[in-house]
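S.K.: Can you read through this structure? Questions will come right after.
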Amino acid sequence: MATKTWKLGEVCKGGVITIETTKTQVKVIAKEWDTSKGYSKGSDQSKAKEWNRLEVNLSSSDAESKADWFLFELTTSYWVGEIMDWIKTKVEFNKNNW
């Protein structure tokens, strides 16, 4: 299992995105910036409040596009690309579309 958190601030709804991957699943977790821990990107956002989540099964033929579109609802295309590139280094999406 791999986990990574992006503290993007104002270029992201809520400000924080956490990705958790396993052999069979990807979780995209949108979190609200915890201002009680500070406003800088170096602040500890590990306990930031979750406000939305997507969990996709990697065996699904549309798992990659679901994750991609969910991220587009949260942040800019630049960060969607960066996050999806990281996810693809950790898991392999099902490419059998038919």
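The values are calculated or read from the model by the stated rules, or taken from the named source; none is laboratory data. Since the structure is predicted, the reported quantities are computational estimates derived from the model, not experimental observations. In this analysis, Cβ positions are derived from the backbone assuming ideal geometry, glycine residues included, and neighbour counts consider all displayed protein chains. When the accessible area is computed, the model is the full protein with side chains, heavy atoms only, and any ligands, DNA or RNA have been set aside. Shrake-Rupley method; radii C 1.70, N 1.55, O 1.52, S 1.80 Å.
S.K.: Relative to the longest principal axis of the C-alpha atoms of the chain, give the angle of the C-alpha long axis of helix 63-74, reported between 0 and 90° and rounded to the nearest 10°.
M.R.: 20
S.K.: How much solvent-accessible surface does SER46 expose, in Å² to the nearest 10, with a 1.4 Å probe and all protein chains in place?
M.R.: For SER46, the solvent-accessible surface is approximately 80 Å².
S.K.: Identify which of VAL56, VAL16, VAL28 has the largest mean-square fluctuation in a Gaussian network model of the chain, with springs joining Cα atoms closer than 10 Å.
M.R.: Sorting by GNM fluctuation, first place goes to VAL56.
S.K.: Right, something else. Give me the accessible area per residue for the chain, probe 1.4 Å, as a whole number in Å².
M.R.: On a per-residue basis, 62 Å².
S.K.: Another question about this same structure. How much space per residue, in cubic angstrom, does the convex hull of the C-alpha atoms of the chain take up?
M.R.: Cα convex hull per residue, to the nearest whole number: 89 Å³.
S.K.: Quantify, in whole percent, the carbon and sulfur part of the accessible surface of the chain (1.4 Å probe; protein heavy atoms only).
M.R.: Within the chain, the accessible surface is 48 percent carbon and sulfur.
S.K.: Still on this structure: LEU8: net charge of surrounding residues, Cβ under 13 Å, Lys/Arg +1, Asp/Glu -1, itself excluded?
M.R.: So the surrounding residues net to +2.
S.K.: Under the √(5λ) rule applied to the eigenvalues of the Cα gyration tensor, what semi-axes describe the equivalent ellipsoid of segment 57-98? Give them in Å, descending.
M.R.: Three semi-axes, in Å: 19, 12, 7.
S.K.: By the scheme Lys and Arg +1, Asp and Glu -1, what is the net charge of all other residues having a beta-carbon under 13 Å from that of ASN96?
M.R.: -2
S.K.: Would you mind checking the pairs LYS7/LYS88; LYS49/LYS88; LYS37/LYS88; LYS47/LYS90 and listing those with alpha carbons more than 29 angstrom apart?
M.R.: LYS37/LYS88
S.K.: Now a separate question. Can you tell which of LYS31, LYS88, LYS13 shows the greatest fluctuation in a Gaussian network model of the chain with Cα springs below 10 Å?
M.R.: Of the options given, LYS88 has the highest mean-square fluctuation.
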